[in-house]
Amino acid sequence: MALSVEQITLGDAEAEQALSAVMAELGAPIEEEWKASVTATPGGAWEVVLLGASRRKADHIDWEIVETAAGTHYRKLFQGARERQVEHLRRCLRTLVWESIQFTENPIKTMSPALAQSFEDVVWDLLRHEDMRPVQIRFGIWREGFDGTRFVCKVEYATKPSPVPRFPWSWWSSLVRTPQDLRTELDKALAQRRRNRPASLAKFAKTGTRAAHRATA
């Protein structure tokens, strides 16, 4: 489902337009529905209010979270010049709405926060269309001689018992130089995973049939 925006009123047309574009791009997991509004308080803070799917308070302690009959209500004030940035708000919203895509380790941030964010962006943009929930991502840095610095990414999808067939997936990138290099590799790997799924489903069905036969024997 989309993340629908009910109101953006900040008294700054440029910021309002940028936030509107960010939320349209952000979207939400297909099985969830979210509504959002962003307004300016009398004190100058940005107040973000959301209504959406349930999240654990322990995982999102910086949000006020209240369960209601209509859904889960979220509220957060973005105060000060450093917090009242469109990019900062985007990261906070993505962490909340897309909590199933979990970036657990990214040492690239110690080199360049902007580069680290670019790597995370390309991975998130591809994984949000997949059926892996939750999925964990971590990055590493590789420094070697004259060849300079390169980066590696690991994607890990560990399944839990479910009546619906779900198959674990673990993938390492090669040593890449740019976010675009990583996008190309991950895109190909995900396409291969999707092609392999029919065979995996058939294997799952055979396993289930054997288990049923053993149970009735």
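The values are calculated or read from the model by the stated rules, or taken from the named source; none is laboratory data. On a predicted model such as this, the values are computed, not experimentally measured, just so you know. Cβ atoms come from the backbone with ideal geometry, glycine included; neighbour counts cover every protein chain shown.
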Find all pairs meeting these conditions: Cβ atoms under 6 angstrom apart; at least six residues apart or on different chains; first residue within region 120-148 and more than 15 Å from ALA191 (Cβ to Cβ) and assigned by TED's automatic domain parsing to the domain that holds ILE108; second residue of a type in the set (Gly, Ala, Ser) and surrounded by 14 or more Cβ atoms within 10 Å (Cβ to Cβ). ARG133/SER100; PRO134/SER100
Out of curiosity, is ALA28 under 24 Å from PHE103 (Cβ atoms), assigned to a helix (DSSP H, G or I) and outside the structural domain of ASP131 (by TED's automatic domain parsing)? no
Return the total of residues in region 110-134 being under 23 Å from ALA24 (Cβ atoms) and small (Gly, Ala, Ser). 2
Keeping to region 48-57, report how many residues are more than 25 Å from GLU16 (Cα to Cα) and either outside the structural domain of ARG90 (by TED's automatic domain parsing) or at pLDDT 95 or above (or both). 2
Given (1) surrounded by 14 or more Cβ atoms within 10 Å (Cβ to Cβ); (2) at pLDDT 95 or above; (3) of a type outside the set (Gly, Ala, Ser), where does LYS188 come up short, assuming only one miss? (1)
In region 129-164, what count of residues is obtained for those that are surrounded by 18 or more Cβ atoms within 10 Å (Cβ to Cβ) and either at pLDDT 95 or above or not aliphatic (A, V, I, L, M) (or both)? 7
What's the number of the condition PRO29 fails, among (1) touching a Gly at 6+ places or on another chain (Cβ under 9 Å); (2) surrounded by 14 or more Cβ atoms within 10 Å (Cβ to Cβ); (3) modelled with pLDDT under 95? (1)
Would you point out which residue out of GLN117, GLN102 is farther than 17 Å from VAL48 by Cα, part of a strand (DSSP E or B) and either of a type outside the set (Asp, Glu) or outside the structural domain of ALA45 (by TED's automatic domain parsing) (or both)? GLN102
Filter region 37-60 for residues that are within 17 Å of GLN79 (Cβ to Cβ) and under 20 Å from the mean Cα position of the chain (by Cα); the one that is surrounded by the most Cβ atoms within 10 Å (Cβ to Cβ) is VAL48
Please find, among TRP34, TRP63, the residue that is outside the structural domain of LEU126 (by TED's automatic domain parsing), farther than 23 Å from LEU126 by Cβ and crowded, with 17+ Cβ neighbours inside 10 Å. TRP63
Identify, by number, the condition in (1) outside any strand (DSSP E or B); (2) more than 30 Å from ARG193 (Cβ to Cβ); (3) not basic (Lys, Arg) that VAL49 doesn't meet. (1)
Out of the residues in region 120-159 that are assigned to a helix (DSSP H, G or I) and acidic (Asp, Glu), which is farthest from the chain's Cα centre (by Cα)? ASP147
Kindly list the number of the only condition in (1) among the charged types (D, E, K, R); (2) under 23 Å from the mean Cα position of the chain (by Cα); (3) modelled with pLDDT under 90 that fails for ARG183. (3)
In region 1-17, anything assigned to a helix (DSSP H, G or I) and within 19 Å of LEU96 (Cβ to Cβ) is listed as none
I'm trying to understand the selection: among the residues of region 66-82, which are touching a helix residue (DSSP H, G or I) at 6+ places or on another chain (Cβ under 8 Å) and surrounded by 15 or more Cβ atoms within 10 Å (Cβ to Cβ)? TYR74, LYS76, PHE78
What's the total number of residues in region 1-20 that are of a type in the set (D, E, K, R) and either within 16 Å of GLU83 (Cα to Cα) or crowded, with 17+ Cβ neighbours inside 10 Å (or both)? 2
